[in-house]
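Quick notes on the structure that follows.
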């Protein structure tokens, strides 16, 4: 069995999903507990490659949002559905 990163999950249909928890500091602001996105593949290797890219993008976005929350900047600008 292939070991998958914690943010990579396989649906019973066989499709892989990227899923990551929202940090506690941002849950109240974003009004979400997690982000979930279909990777649109049943191939575990392709899913791992796609998930790694997405993990870097989401990590950058969450760090940026956390910094803006600490600085009391508006965050609505970053929340575009194509970002995640």
Practice problem: Take the residues in segment 58-84 that are outside any helix (DSSP H, G or I) and closer than 16 Å to residue 32 by Cβ, then tell me which one is modelled with the highest pLDDT. | Solution: 75
Exercise. Could you name every one of the strands (runs of 3 or more DSSP E) located completely within segment 3-57 that has at least 3 residues being under 11 Å from the mean Cα position of the chain (by Cα) and crowded, with 16+ Cβ neighbours inside 10 Å?
Key: 16-21
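The values are calculated or read from the model by the stated rules, or taken from the named source; none is laboratory data. Keep in mind that what you see is a predicted model, and the values were worked out from it rather than measured. Every residue, glycine among them, receives a Cβ derived from its backbone with ideal geometry; neighbour counts consider all protein chains shown.
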